[in-house]
Amino acid sequence: MSEMSFEQMLEESFKTIRNGEVVEGTVIDVKEDEIILNIGYKADGIITKSEYTNDSSVVLSDLVHPGDTMTAKVLKVNDGEGQVLLTYKRLAAEKGTKRLEEAFESGEVLKAPVTQVLDGGLCVVIDEARVFIPASLVSDTYEKDLSKYADQEIEFVITEFNPRRRRIIGNRKQLLMAEKAEKQKELMERIQAGDKVEGTVKNVTDFGAFIDLGGADGLLHISEMSWGRVENPKKVFSVGDKVTVLIKEINGDKIALSLKFEEQNPWLNAAEKYAVGNVVSGKVARMTDFGAFVELEPGVDALLHVSQISKEHVEKPADVLSVGQEIEAKVVDFNGEDKKISLSMKSLEAPAQEEAAEETEE
């Protein structure tokens, strides 16, 4: 029986490794583009920067130091230069993919920073495993520009898992909708018609404004914005404004709002202010062929019939009046129940004419 040479005995003392095997080693040195490990084999293991991470901006020496223990996967037992080529990121990706599979099956909520913003969505990485979140699943509202999510840490769930087709799809919208539904439920249990609540203007249209009440949106219709007349909601409200509104009606998940608080109702003391015989002033708000409507104050309009404009014959109100004109008239009828007031400019002319006649006689 022949004795083994020293070289043979030394080689026998090292373990054998194969491609695809997972090995553990100790970092010997960290260079700019590679990490060198002692893996207990006759040759050192090498992890290139590209096999450590997909992030080219990473400085290896900031993350890995001599003496650190690392686990990696064998790509090639001999890279052509007598060294063992290893990969760290692929092993991490396999572990990450396994974790994503478990999260997909359990519905676990994951959190990770956005690593890439694309035209069609966002990319996040979990343990070197890539997850794509399509633009349609990023938010519960349409967002044209996703750049604000760059480097932002977001939560999501995995709703599609098919690593063979490289389709691992994340969904943030589902979480937002579930959170919104919970907040809506809490809000609906808390509010009722007649309550005053604070909200934030979310959107303004020609017909009204949508107010975020902290769980659900309510509609403040243009007709409910004031006791007076509002021509254009966009001149009154801006997105982000804080407002205190009245819950007028709740119908299912629809909430109607109002700013017409009863204690501010101008008709509460109108009977005294606009009693028959009182002389009042107002502004011509609009005109018809039969008369002009005069705004005495926001929310209180009165009719000046064409026959009551002057003792002289007036064919149409527009012949002698104009919208926005300030006029003075006497209240000749008041109906608080139907909120109707009738005015007369003609009745103010008679005393003036009589005084003029008396002065002429003297």
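Translational diffusion coefficient of the range 179-218 (Stokes-Einstein, Kirkwood radius from Cα pairs, 4 °C, 1.567 mPa s): 119 µm²/s.
When Cα extents along the principal axes in Å is calculated for this entry, the matching label among (i) 168, 42, 33; (ii) 86, 42, 42; (iii) 158, 39, 34 is (iii). Every Cα-Cα pair of the range 232-362 was included, and the share exceeding 19 Å stands at 62 percent. Per residue, the average separation of C-alpha pairs within less than 8 Å and at least 6 apart gives the chain a relative contact order of 8 percent. In this structure, the amide hydrogen of I126, modeled 1.01 Å from its nitrogen in the peptide plane, lies closer than 5 angstrom to those of V131, counting only residues at least 5 positions away or on a different chain.
Could you work out what % of the accessible surface of the range 219-362 is carbon and sulfur, using a 1.4 angstrom probe and leaving DNA, RNA and ligands out of the count?
Numbers: 4090 of 8690 Å².
On the range 219-362, the fraction of accessible area on carbon and sulfur atoms equals 47 percent.
Based on protein heavy atoms only, the range 107-172 ends up with 58 Å² per residue of surface accessible to a 1.4 Å probe.
Report the net charge of residues surrounding E143, where surrounding means a beta-carbon distance below 13 angstrom and charges are Lys +1, Arg +1, Asp -1, Glu -1. List each step's numbers first, then the result.
On the way: positive: K144, K148, R172, K173; negative: D119, D140, D145.
Around E143, the charge tally is +1.
Net charge near T244, counting Lys/Arg +1 and Asp/Glu -1 over other residues with Cβ under 12 Å of its Cβ? Walk me through the intermediate numbers first.
Values: positive: K196, K242; negative: D195, E198, D241.
With Lys, Arg at +1 and Asp, Glu at -1, the net is -1.
How much of the accessible area of the range 56-155, in percent, comes from carbon and sulfur atoms when a 1.4 Å probe is used? Here it works out to 46 percent. In terms of overall dimensions, the range 140-241 has a Cα radius of gyration and Dmax of 18.8, 65 angstrom. Each Lys or Arg adds one and each Asp or Glu subtracts one; over the other residues with Cβ under 12 Å from the Cβ of S61, this totals -4.
If only the Cβ of Lys and Arg carry +1 and only the Cβ of Asp and Glu carry -1, the dipole of the chain around its Cα centre is close to 1480 debye.
Relative to the longest principal axis of the Cα atoms of the chain, the long axis of helix 346-361 makes an angle of roughly 40 degrees.
Using the Cα coordinates of the range 167-306, the gyration tensor eigenvalues translate into equivalent-ellipsoid semi-axes of 41, 17, 11 Å, sorted from longest to shortest.
Within the range 297-344, what percent of beta bridges assigned by DSSP are antiparallel, to the nearest 5?
Bridges in the range 297-344 that DSSP calls antiparallel: roughly 75 percent.
Using just the helices of the chain, give the 222 nm mean residue ellipticity in deg cm²/dmol: DSSP H runs with n ≥ 4 each add -39,500 (n - 2.57), and the total is spread over all residues, rounded to 500. Intermediate values should be presented prior to the final figure.
Numbers: 6 runs with 68 residues, N = 362.
It lands at -5500 deg cm²/dmol.
The values are calculated or read from the model by the stated rules, or taken from the named source; none is laboratory data. The model shown is predicted, which means the values in this text are computed figures rather than measured ones. Every residue, glycine among them, receives a Cβ derived from its backbone with ideal geometry; neighbour counts consider all protein chains shown. Ligands, DNA and RNA are excluded from the accessible area calculation, which covers all protein heavy atoms including side chains. Shrake-Rupley method; radii C 1.70, N 1.55, O 1.52, S 1.80 Å.
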